[in-house]
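Below is one structure, written out as structure tokens; the observations come after it.
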Amino acid sequence: MSRLKDGVYGTNSVFIPIFAADNIFLMDTVVSGIRSTGNLHLGNYFGALKNFLRMQDENNCYFFVADYHSLTTHPHPDDIHSNIRQVLAEYLAAGIDPEKATVYVQSDVPEIAELYLLLNMNAYVGELERTTSFKEKIRQHPDNINAGLLTYPVLMAADIIIHKAHKVPVGKDQEQHLEMTRRFARRFNTMYGVEYFPEPDAYNFGRQLIKIPGLDGSGKMGKSEGNGIFLADSPSEIRKKVLRAVTDSGPEKPGSEPSEAVKNLFTIMGVVSEPSTVEYFREKHASCEIRYGDMKKQLAEDIIKVTEPIRVRINEIINDPVYLGRVVAMGAEKARASAAATIREVRQIIGYRPF
Ligand code: TYM
């Protein structure tokens, strides 16, 4: 779909102008967010945040704190603000520049909630019930199967298409949600006979989406799985965690495949260490000479090289409420301007008219 159209016609013959007011319309629009449910870990960093940084110079970027999404698990009111502040400080500490990207808190943009409501009318319970993340959540928390969980992918779609995004930098676990976003965008376009919403792609610079595993030998690194290394962890915490990581009793014969747990360590090494370091330990594994203690020591130091500068900045920024306040106010204003324009057009397409 062309992004430079002067406008589109709805089935109801409403012409919706799209103004190319400045070169923002020549750039791709990028949208992504992270839930405010705790400190960010290496999975969030390598799956999402690092790509936010790489994209902010050349795209029209919107990066937000997904605080509405955190409500599905009913956080205590005393924690809401500090959780938002933490993610915000971590974004900025990692290098997100609020002068380049629009950095905002989701709940500061009520237009997202309106689009969520409108999209919910065309989202079917059957497809929502079949979503993998929903099935997982109801298995983990059978006592809290709320409608917010069921319609989580619709809220995500609203987050993304409210700014008519083209690219969404996310980790592998969000792939299905992005497919659903594309479907909801397409369904809206088809239903009203417009080419209005672009169908956004989950994005990792043309490569497979990333999944950073945990240190416990199975599954992905998560905020609540107890298997994570956080950007805010001190070097000594990181050393302790890595040294405790699950491995095995060593390769039995030359050239044998590493076990799942050891593969996970190699995966993490693959994103934090020099290729020559990874190669060195792969060869040691292949020749049965590997000492997991040495590998873990190296891995811990290479992780610290990535996280330590960020941790220092997190501690500075989190104690600067004036700066954080300025960033969210500026972000809210820019995000609302973009979201309000979309909602105005969406309401027209749906058929709302002024009296
Ligand atoms: P959340 O908060 O669980 O995770 C934020 C981002 O981190 C990525 N991620 C990982 N990547 C690789 N390996 C891992 N182990 C790992 N764990 C997490 C996630 O893929 C994600 O990119 N629903 C989203 C938040 C959201 C959103 C959006 C994202 C709400 N609206 C709109 C993009 C666009 C979530 O729960 O992410």
Glu257 vs (1) touching a Pro at 6+ places or on another chain (Cβ under 8 Å); (2) over 29 Å from Ile112 (Cα atoms): all pass except (1)
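Yes/no per residue for (1) in contact with a helix residue (DSSP H, G or I) (Cβ under 6 Å, 6 or more places away or on another chain); (2) within 11 Å of the ligand (Cβ to nearest atom):
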| site | (1), (2) |
| --- | --- |
| Leu115 | yes, no |
| Asn122 | yes, no |
| Val125 | no, no |
| Glu129 | no, no |
| Lys135 | no, no |
| Tyr152 | no, yes |
| Met156 | yes, yes |
| Ile160 | yes, yes |
| His163 | yes, yes |
In the stretch 51-66, anything more than 10 Å from the ligand (Cβ to nearest atom) and either of a type in the set (Val, Ile, Thr) or not in a loop (DSSP other than H, G, I, E, B) (or both) is listed as Leu53, Arg54, Met55, Asn60, Cys61
The condition from (1) closer than 16 Å to Phe46 by Cα; (2) open to solvent by less than 50 Å² (accessible area, probe 1.4 Å); (3) not in a strand (DSSP E or B) that Gln208 misses is numbered (2)
Within the stretch 37-50, restricting to residues that are surrounded by fewer than 24 Cβ atoms within 10 Å (Cβ to Cβ) and among the polar types (S, T, N, Q), the one that is nearest to Ala335 (Cα to Cα) is Thr37
Screening Gly228, Gly250 for residues that are more than 22 Å from Ala48 (Cα to Cα) and in a loop (DSSP other than H, G, I, E, B) leaves only Gly250
Residue hits (the stretch 219-255; small (Gly, Ala, Ser) and either free of Cβ contacts under 8 Å to residues at least 12 places away in the same chain or over 20 Å from His285 (Cα atoms) (or both)) are Gly219, Gly222, Ser224, Gly226, Gly228, Ala232, Ser234, Ser236, Ser249
Query raised in the report: In this structure, is Ala89 in the same structural domain as Val170 (by TED's automatic domain parsing) and closer than 23 Å to Asp173 by Cα?
Result: no
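The values are calculated or read from the model by the stated rules, or taken from the named source; none is laboratory data. All values reported here derive from a predicted model rather than from experimental measurement. Ideal geometry is used to build each Cβ from the backbone, glycine not excepted, and the neighbour counts take in all protein chains shown. The accessibility values were calculated without ligands, DNA or RNA, using every heavy atom of the protein model including side chains. Shrake-Rupley method; radii C 1.70, N 1.55, O 1.52, S 1.80 Å.
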